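Let me begin by presenting the structure, written as C-alpha cells, before commenting on it.
We did not get these values from a lab; they are worked out from the coordinates using the rules stated. These numbers were taken from a predicted model, which means no experiment stands behind them. Glycine also receives a Cβ, built like all others from the backbone with ideal geometry; neighbour counts cover every protein chain displayed.
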Amino acid sequence: MENKIFEATKVMSDTITISLVLVVVLSLILAYLYKIKDKPENKRLRQIGAMLIFYGVLMSVGTAIFSFWQNKKIIDLEFTEKSVETPYGELKYNNIRDARIRTETQASFANPNMVRSRIELLMIIEATGKTHVLSEENYDIRSVLGELRKRMVRKK
C-alpha cells in the first residue's frame, strides 16, 4: 500500500485570540487603576481590584500559551507501510488491539438532563494498553478509522 497523509485542522484562533484580547483589556484597566489619584479611603478597594484583575491577566496569558502549545503538538497523520505516526508516537499496525469511535457528552451545568456539548473521539488502543486519542475537531476520524482498519493486521 502507498503512504497516505491525513492533514490536521488546527482550531487555534478563537481561544488564543480571545485570551490575548482579554490580556490587553485587563492590562489597560490595571494600568488605569494604578495611575488614578483617588481618596485615601478608596486605595484599598483599588488595590484589591488591581489584584483580581492581575489574576485575570495571568489566567488569560496561561490560557493563550497552553492553547498555542497544545496546537503545536497536533501533527498530520502519516500512514506508511507498517505504521502510522500520531501525535503520541509511532503506532505499528500489528500492535493495535482495538480502534473505535467513542462519543463523549458533557451535561449542562444548569440542567443536567440537557447535553451542552458532544464530541466524537477516535480511540486506538495498543496491545500494551497505550491509547492514542484523536478528536473530530482536529481530524476526519471516520476516514482515519477506515484507513486504519484497511491496514490493521487481523489476528486469528
Requested in this report: Please specify each residue of the stretch 78-134 satisfying the condition of being of a type in the set (S, T, N, Q) and within 16 Å of A8 (Cβ to Cβ).
Outcome: T86
Query raised in the report: Residues of the stretch 69-116 being hydrophobic (A, V, I, L, M, F, W, C), within 20 Å of K4 (Cβ to Cβ) and loosely packed, with under 15 Cβ neighbours inside 10 Å, which ones?
Result: I75, I101
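A quick yes/no check of all residues on (1) in contact (Cβ under 8 Å) with a residue 60 or more places away in the chain; (2) more than 30 Å from L148 (Cα to Cα); (3) part of a helix (DSSP H, G or I):
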| site | (1), (2), (3) |
| --- | --- |
| E41 | no, yes, yes |
| Q47 | no, yes, yes |
| M51 | no, yes, yes |
| W69 | no, no, yes |
| E81 | yes, no, no |
Report summary line: The residue from E41, E2, E81 that alone is more than 25 Å from the chain's Cα centre (by Cα) and more than 30 Å from S143 (Cβ to Cβ) is E41
Query raised in the report: Within the bounds of the stretch 3-10, is there any residue that is surrounded by 12 or more Cβ atoms within 10 Å (Cβ to Cβ), in contact with a Ser or Thr (Cβ under 7 Å, 6 or more places away or on another chain) and not in a helix (DSSP H, G or I)?
Result: yes
**Report entry** Count of the stretch 45-78 residues which are over 12 Å from the mean Cα position of the chain (by Cα) and closer than 21 Å to Y139 by Cβ
**Finding:** 4
Report summary line: Expected output for the stretch 109-133 (first residue without any contact (Cβ under 8 Å) to a residue 40 or more places away in the chain and more than 23 Å from E147 (Cβ to Cβ), partner aliphatic (A, V, I, L, M) and surrounded by 12 or more Cβ atoms within 10 Å (Cβ to Cβ), Cβ below 9 Å, 6+ apart or cross-chain) is N113/A107; M114/A107; V115/A107; R116/A107
Query - Extreme residue, nearest to E104 (Cα to Cα), among residues of the stretch 127-139 that are in contact with an Asp or Glu (Cβ under 9 Å, 6 or more places away or on another chain) and part of a strand (DSSP E or B) - result: S135
**Report entry** Qualifying positions in the stretch 117-141 - of a type in the set (D, E, K, R), surrounded by 12 or more Cβ atoms within 10 Å (Cβ to Cβ) and either farther than 21 Å from K72 by Cβ or over 19 Å from the mean Cα position of the chain (by Cα) (or both)
**Finding:** E120, E126, K130
Query raised in the report: Can you name the number of the only condition in (1) crowded, with 16+ Cβ neighbours inside 10 Å; (2) assigned to a strand (DSSP E or B) that G56 fails?
Result: (2)
